[in-house]
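Beneath this line is the structure, given in structure tokens, with notes to follow.
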Amino acid sequence: MEPNLTKLQKTLDFELSHEQIAILTAAQNRPTVINACAGAGKTTTLILMTLMRALADSTQPAHTLGLTFSKAGQQQLTTTYVKYADQLRSTVPNLTAEMPHFMTFHAFFLHLLRQLPAYANVEVLPTYQHYTAKLVPYIYRLQSELPAQLVLADMFDLYEQLINGSYSTNGYELTIDDQPVSNFLQGMRKLEGILRCHHTNDFYATYLVVIHKYQQLKNNDGLLDFNDLQLLVLAGLTDASTQPVLQRHADFFEQVYLDEFQDINTLQWQILINLFSPTVLQRLVVIGDDDQNIYEFRGSSAKYLLEFNDYFDQSQVFTLTTNYRTDQTILASVTPMITKNHHRADKSLTARTMTPGQLIVQNQHASIDPKNPLFKQIATLVDTPTIVNNQIAILCRSNLTRAWVADILANQDIYVNMQHQAATLQEQPLYSAHVDIMRAFWEDNYILLKQHAYQFGFSKFHRHLLAVEAMSKTRLLTISDYLTAVAHYNQHCALNEIDPDLKDQTITDILAFVQTCHAEPVTHPQILTELLTLVTDALSGYYDWLTEQRGEPSLTLYADMQAYLASTVRNLTPPAFFKRERHKRYQLKHLLNQPTPPDNVMALTFHQTKGIEFTHVFIFSYHDTEIHPGSLKLDQFFPPTCSYQQFFETFNRYQQAAPKLLGNLFATAELADIYRTLIGDPSQSERQLGYHWVLGYTSLIEAERRLLYVAMTRSKQRLYLDYPRGRFAPPLYAELALTSATYYHAQDQQLATPLLVGSLF
């Protein structure tokens, strides 16, 4: 065995696999791609390669660059290198103390850009939300009934997709198939199938105004966002005056490692292959896992990992197929699902040991039902002294599910670490509107009611408020003041019939109920429930509209919100309920303001979990998936890898042999309109649009599989899976192999197989 490798294994006390040994002893002068499964020790392998080359004097650490995508990833690379290098110096005392340069892509691009005099002092804008207050007025012009912050979020999601997908360099000028598009609206109609989005003409018109304003605000303040960093560096590499400066700086590095390579986007790839010299690219090492490519919506693409050989001659390909993190039972449950994906490398997935972990499933209660036994299990673990709480993780598909689960636990005085102050349920627009309107009436607070005018009575009601205010001689502070002003307004305008859409009678009725409660000693335990019912009825029109706009999930969300609030307010007085809401908001935010990270249970979305591992993982599903029940077979018929010709050959074959089957399959994916167009007499552009819409949907199926795979493989020993029955059961769960799972009993919600707390740890 190679002497330096022996030295590494002996000093660091490593038992390396045959796959790792093959990588560490491979030729160093060939481009190298390593496709490593979850838990395979990608960071360890990358650091060992760096140390091996330092020991061989082929590349000194100071001339080594390691790029990754997150600050956490960069810190992990740094701490791992320091740890192993310190250990190695016990047998290699002359090992240099110099460090490799481990950086995020964004930090590296900023560093490069500052080498250019024009950007020497440039600062980065971390988020568009810095300008929310200045952009929201343009959203109001759209007269959308959705909260302005939600519309703004949709617009900047589109902005990210266009830039990171290389369809635009500024968010408003489009390029499709390398051809500039003169009409933005027409261009977006072509891209909607690819980007899986659909908006009104008014939305796109307002989007253009907002993005132009956003770019203007940045320019005025001398700020760049992360997209600007990439675009400006790439532009600098095509400019004869700046290219030498950037490349001269890059020439300092003799060895480059790219971590989490499955997450690279086209812009970043173009920068790297134009920045580094052919000599450096000949030694390039990339490492990643196509099964963990979960940021396609940001423009990342695993094609550069899967097709690495197409970009470099004489490249060498390695795989790491052993998962050192996740026990066999858990890994075996998720493997059948992820291997159904077509756009992936064919690699086996095995656990380090065959020692079974435990997979525990609850399928008797809804995810956000406080009676869900997983909440009791979390409380049991939290109360167990031998457990460090930050080794317990709650993973959710969406921010809303995470907020809901955290709120249920907060009602039990268990406060989880949500990573972000705006992630609490109290900060979610729809929930906060519901609770704030209840509080507005209870406290006779006109200002608070006006903040949610769109939800209470649409834009028509909001305009009515402004008209009443304009005629009022005094500032309106209470709802009582408002009703007095309304009476004067109606008299002045000689209105004999009051428009029910203006909600004034509803406001009068709710306020009268509240005033009656205030006038008498409050002992009736159902007062808060009755107030909730009155406000819920007042908001029903808004949620009916939301259902029409955003489909059945909104209806279900509204029903769930009503049910949850009804169970939450039971047996509480209004002051007690509002006080508890404020207390929960404070406690959950307070955790994030600690000087050191708290040892609380972690609550994360699936997208936040990559690179992290936990002993106990709880996955709460809720029915917020974008995959529709019954639509998974569409991926079998029309995988994302199929060509335009293959798509229509398959479509025509099934249309002739089983048209009802094909039509039903499109309908389950809510693509019935696409199907009707394709069986008619479609134009060439309609055929292309149909092709992109269907492949967009099957790409989404495969992306959701990868996302669930990432979430499940965060668990080291215990995985608790929330699998509610019924029509909202997550469709992908049917592809999991759960034969070795333990289930909760329906009657007493105890585990079917006794699971002692002491046996867990």
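The values are calculated or read from the model by the stated rules, or taken from the named source; none is laboratory data. Please read all numbers here as calculations on a predicted model, not as lab measurements. Quick reminder, even Gly has a Cβ in these numbers, built from the backbone with ideal geometry, and neighbours come from all protein chains shown.
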Item checked: Residue that is nearest to Leu12 (Cα to Cα) [pool: residues in the range 85-124 that are within 33 Å of the chain's Cα centre (by Cα) and among the hydroxyl-bearing types (Ser, Thr, Tyr)] -> Thr104
Check: Of the residues that make up the range 292-304, is at least one closer than 30 Å to Gly726 by Cβ and either touching a Leu at 6+ places or on another chain (Cβ under 8 Å) or crowded, with 20+ Cβ neighbours inside 10 Å (or both)?
Finding: yes
Check: Looking at the range 399-428, which of the residues that are crowded, with 19+ Cβ neighbours inside 10 Å, closer than 15 Å to Asn600 by Cβ and of a type in the set (S, T, N, Q) is modelled with the lowest pLDDT?
Finding: Thr424
Note to self: Which of the numbered conditions does Leu448 fail, given that it passes all the others? Conditions: (1) under 30 Å from Cys517 (Cα atoms); (2) under 27 Å from the mean Cα position of the chain (by Cα); (3) not aromatic (Phe, Trp, Tyr).
What the structure shows: (2)
Margin query: Among the residues of the range 95-106, are any crowded, with 20+ Cβ neighbours inside 10 Å, among the aliphatic types (A, V, I, L, M) and modelled with pLDDT of 95 or more?
Written below: no
Note to self: I'd like to know if the range 321-337 contains one or more residues that are over 21 Å from Gln270 (Cα atoms), in a strand (DSSP E or B) and touching a residue at least 40 places away in the same chain (Cβ under 8 Å).
What the structure shows: yes
Check: Can you name the condition, by its number, that Arg718 falls short on among (1) under 30 Å from Phe375 (Cα atoms); (2) assigned to a loop (DSSP other than H, G, I, E, B); (3) not hydrophobic (A, V, I, L, M, F, W, C)?
Finding: (2)
Next item on the list: Quick one: which residue in Tyr720, Tyr709 is at pLDDT 95 or above, within 26 Å of Asn293 (Cα to Cα), among the aromatic types (Phe, Trp, Tyr) and in contact with a Phe, Trp or Tyr (Cβ under 9 Å, 6 or more places away or on another chain)?
Entry: Tyr720
Next item on the list: Inspect the range 284-298 for any residue being on the phi > 0 side of the Ramachandran plot, at pLDDT below 90 and outside the structural domain of Ala559 (by the TED database) and give the result as yes or no.
Entry: no
Note to self: Quick check on my filter: what residues within the range 557-574 are part of a helix (DSSP H, G or I) and either exposed (fewer than 13 other Cβ atoms within 10 Å of the Cβ) or polar (S, T, N, Q) (or both)?
What the structure shows: Ala559, Gln562, Ser567, Thr568
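Each row is one residue, and each column tells you yes or no for (1) free of Cβ contacts under 8 Å to residues at least 60 places away in the same chain; (2) assigned by the TED database to the domain that holds Thr384; (3) out of contact with any Pro (no Cβ under 9 Å at 6 or more places or on another chain).
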{"site": "Gln451", "(1), (2), (3)": "yes, no, yes"}
{"site": "Gln455", "(1), (2), (3)": "no, no, no"}
{"site": "Arg475", "(1), (2), (3)": "yes, no, yes"}
{"site": "Tyr482", "(1), (2), (3)": "yes, no, yes"}
{"site": "Val486", "(1), (2), (3)": "yes, no, yes"}
{"site": "Pro500", "(1), (2), (3)": "yes, no, yes"}
{"site": "Leu511", "(1), (2), (3)": "no, no, yes"}
Check: Filter the range 58-68 for residues that are in contact with a helix residue (DSSP H, G or I) (Cβ under 7 Å, 6 or more places away or on another chain) and modelled with pLDDT of 95 or more; which is surrounded by the fewest Cβ atoms within 10 Å (Cβ to Cβ)?
Finding: Thr64
